[in-house]
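These notes concern the structure reproduced below.
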Amino acid sequence: MLAFIIQRLIQACGLMLTVALIAFTMFQFVGDPIDGMLPESATQLERDQLREELGLNDGVLTQYGRFVGNIAQGDFGISYYNKMDVLNLILERLPATLELVFVAVIISLLVGLPAGVWVSLSRNKWLTSLVQTISLIGVSLPSFIAGIVLIIVFSVWLGWLPSHGRGDIVEFGWWSSGLFSQSGWASIILPALSLALFMITMVMRLVRSEMKEVLRTDYIKFAKARGIRQRSINYVHALRNSLLPVITIIGLQIGGLIAFAVVTETVFQWPGMGLLFIQAVNYVDIPVISAYLVFISLIFICINTLVDILYRVIDPRLKNA
């Protein structure tokens, strides 16, 4: 097990170096950051001085080596546009994004799990077909269209919920939360629902397929033969054994939700990391763009590595693989 963990950590480090290289070199061709940092009236001498101060005259490999070395020390540089430390900018926006993803996951579980169980057990073909058709729409509907529809219905027509912002927040040191205020809850419902739509349908369809497969296994037949109540068979034996793949997928999807929250945060002007990334792209803020991509990749790699290790612990068949 120790050798497996060390192997996975080495692979993770290699992946992070590759991601850092791709993120760094890709945005060397986005545009000149000097254009967004100085006014149009700036002289060529001022532009050359600023370029020298930022180290933009150095070679790509030199800049990359400096970039990786600084990241290892927790230094992502200074934002070209905001003139602030990039790590502080990301940590300032991180609570809003994690809060949005947390509520989206809760909504997905509260809706997707019961819906999947009901569809797998229901004998009403018309209703189950209707639910599955709606789920297909939820899977195929782009998140920005879903967000716009939610805004039009619940903010413009009905006027029930705000269409943008985070509401009132409560500070806990460097962490901030809107879940302790009424306006915060009102503000997070629409973006969280928009972000959760895809995951709701995915959880529902996954639970349905796993439940149907488990209900056909031999031990379920033996449980019925022993006279165990059907309700206990469905909700204790079958459901419990259907949740392991669901939990795994949810764990992996959390990284995806954080990454793809970019669109939702832009539509609802949610002040999270995704909106910061879009603003950085608009102003060619290379340090913020690179740091964001590295940070999101780190979340993906950590979650995947953790899932691999947990599977190795849970399933003894993988120990000799």
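Quick notes on this one:
- In the range 228-264, the residues that are in contact with a Leu (Cβ under 7 Å, 6 or more places away or on another chain) and hydroxyl-bearing (Ser, Thr, Tyr): Thr264
- Pairs meeting the criteria (first residue in the range 153-166 and without any contact (Cβ under 8 Å) to a residue 12 or more places away in the chain, second residue surrounded by 17 or more Cβ atoms within 10 Å (Cβ to Cβ) and in a loop (DSSP other than H, G, I, E, B), beta carbons under 9 Å, at least 6 apart or on different chains) are Val156/Ser163.
- Of the numbered criteria (1) touching a residue at least 60 places away in the same chain (Cβ under 8 Å); (2) open to solvent by 60 Å² or more (accessible area, probe 1.4 Å); (3) within 18 Å of the chain's Cα centre (by Cα), the one Phe102 fails is (1).
- Condition check for Gly173: open to solvent by 40 Å² or more (accessible area, probe 1.4 Å) and without any contact (Cβ under 8 Å) to a residue 60 or more places away in the chain: yes
- Considering residues of the range 60-91 that are β-branched (Val, Ile, Thr) and farther than 27 Å from Ser176 by Cβ only, the residue least open to solvent (accessible area, probe 1.4 Å): Val68
- Checked against the criterion of being of a type in the set (A, V, I, L, M), part of a helix (DSSP H, G or I), out of contact with any Leu (no Cβ under 7 Å at 6 or more places or on another chain) and not assigned by the TED database to the domain that holds Ala20, the candidates Val294, Val207 yield just one match: Val294.
- Test: residue in the range 126-142 that is outside any helix (DSSP H, G or I), among the hydrophobic types (A, V, I, L, M, F, W, C), open to solvent by 70 Å² or more (accessible area, probe 1.4 Å) and in contact (Cβ under 8 Å) with a residue 60 or more places away in the chain: no
- Looking across Ala261, Ala238, Ala280, Ala291, one residue alone is surrounded by 22 or more Cβ atoms within 10 Å (Cβ to Cβ), more than 26 Å from Leu190 (Cα to Cα), touching a helix residue (DSSP H, G or I) at 6+ places or on another chain (Cβ under 9 Å) and modelled with pLDDT of 80 or more. It is Ala291.
- Residues in the range 186-238 that are closer than 21 Å to Ser129 by Cα and among the small types (Gly, Ala, Ser): Ser209 only.
The values are calculated or read from the model by the stated rules, or taken from the named source; none is laboratory data. Everything numeric here is computed off the predicted structure, so don't read it as measured data. Note that each Cβ is placed from the backbone with ideal geometry, even for glycine, and that neighbours are counted across all protein chains shown. Keep in mind that these areas ignore ligands, DNA and RNA; they rest on the heavy atoms of the full protein, side chains included. Shrake-Rupley method; radii C 1.70, N 1.55, O 1.52, S 1.80 Å.
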